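Take a look at the structure set out below.
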Amino acid sequence: MKMKFSLILCTVGRYKEVEDFFASLSMQQFKNYELIVVDQNSHDRIKELVERYSEKLTQIKYFKVDFKGLSRARNFGLQHAEGDILAFPDDDCKYPEDLLMKVNEKFESEDIDILTGRSIDDTTGSESNVRWKKKKTKLTKMVLLETCISYTIFVKACCVISNKVRFDERLGVGSGTPFQSAEETDFIYQLIQLGCRGIYDPEVYVYHPEKIVEYSEQTIQRAFYYSMGMGALFKKHIEDKRFLIVLTRLLLRAFGGILYNLLKGNLKGAKFYCKVLAGRWGGFRQFKDEKVQR
C-alpha cells in the first residue's frame, strides 16, 4: 500500500536552499505526498517560489506565520498534516530522488512506527553532522544521538496524533530560550517512551551540508546555545537514570576535546569545547520542566 507523506518544511532566512529542496522534491520517484510550508520570513519570496513550483510538486500547503521558533512552526504544520507518514525536512537539505520510495518500502516491509536515516553532504559524499551508526539499529533512548536528526526522521502520523506528541517549544532554534537544540531528540524520546517501535537504517539518507567548525566567536557562541539545548533535554528526562549515562558521555567527550586541543596548542579549539561543556552542564542545571505559557 502506498502511504501518503506529509513533509513539514519550516523556513526563515533562506531562499536558494529552499529552491534546491523544491527541485529535489520535484524529482521524487514517489509522488504521493503533501508539502506543508511554514514561512516565517517577513518577505514574500518564499510564497513566490511556492507559486512557481505549484505545478511541479504534487501538493503544496503554504502558510505565512507571524511568529518565530522552529518547534512552534513544526507544531503548527502538524495541525495541517493529512498524510500517513510525517517528515520534517530542513530548509537546507535535499532529498535523493528515490528517498520517499525507499521509505515507503521500509514501512511496508518492517513492523515499525519510526524510521530514521543518515545525513550525507552531497558535495563530498561524506556523512554529515552526526557520528552515525554504521549498521541498522533498533531505536532506543540510549542511541538517539547517533541515529536521528530532524530531517532524517519519518514517523507514522497515527502515533503522533493519537498520543498527542508535539515538539517541546522550549527547545530548538528560535525558541526564545537559551535551549537552542534537541527538540527532535525529545520528540522521538517521547514516542519511544510511549511504546512506539523504530529502526535506524543507514540505507536511508538525506543530503545536508556538513557544518564546518571554524572556531569563530559566532560559531563558539552558537555551539554554546546548542549545547544548552542538549543539557536541557537530559534535565527534562532526569527520572530516566539510564538516559543520564548518555549525558555523562557527552560531558566527558567535551572535556576530552578541551584536553586534546590544549595538547595540540589549539586555544580556539579548546575554547570551543569549553563552551560546549559549559552549555551542556548549564542547560542541565537551568532547565525547569514547566509548560510553555503564551
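The values are calculated or read from the model by the stated rules, or taken from the named source; none is laboratory data. Just so we're clear, the structure is a prediction, and the values are computed from it rather than from any experiment. When we count neighbours, we look across all protein chains shown, and the Cβ atoms used for this are built from the backbone with ideal geometry, even at glycine.
Quick notes on this one:
- Selection count where residues are in contact with a helix residue (DSSP H, G or I) (Cβ under 7 Å, 6 or more places away or on another chain) and under 19 Å from GLY174 (Cβ atoms), scope segment 36-52: 6
- Selection status of ILE192, more than 14 Å from the chain's Cα centre (by Cα), in a loop (DSSP other than H, G, I, E, B) and β-branched (Val, Ile, Thr): no
- Among the residues of segment 60-74, those identified as farther than 14 Å from ARG170 by Cβ and among the aliphatic types (A, V, I, L, M) are ILE60, VAL65, ALA73.
- Only listed residue being modelled with pLDDT of 95 or more, buried (at least 17 other Cβ atoms within 10 Å of the Cβ), touching a strand residue (DSSP E or B) at 6+ places or on another chain (Cβ under 9 Å) and closer than 22 Å to GLN79 by Cβ, chosen from ILE120, ILE149, ILE114: ILE114
- When residues of segment 261-278 are limited to those that are hydrophobic (A, V, I, L, M, F, W, C) and closer than 10 Å to TYR215 by Cβ, the one surrounded by the fewest Cβ atoms within 10 Å (Cβ to Cβ): LEU267
- Scanning segment 244-270 for residues that are of a type in the set (S, T, N, Q) and either touching a Gly at 6+ places or on another chain (Cβ under 8 Å) or not in a helix (DSSP H, G or I) (or both) yields ASN261, ASN266.
- Residue that is closer than 21 Å to THR147 by Cα, hydroxyl-bearing (Ser, Thr, Tyr), touching a Pro at 6+ places or on another chain (Cβ under 8 Å) and buried (at least 17 other Cβ atoms within 10 Å of the Cβ), where the choices are TYR189, TYR200, TYR225, TYR207: TYR207
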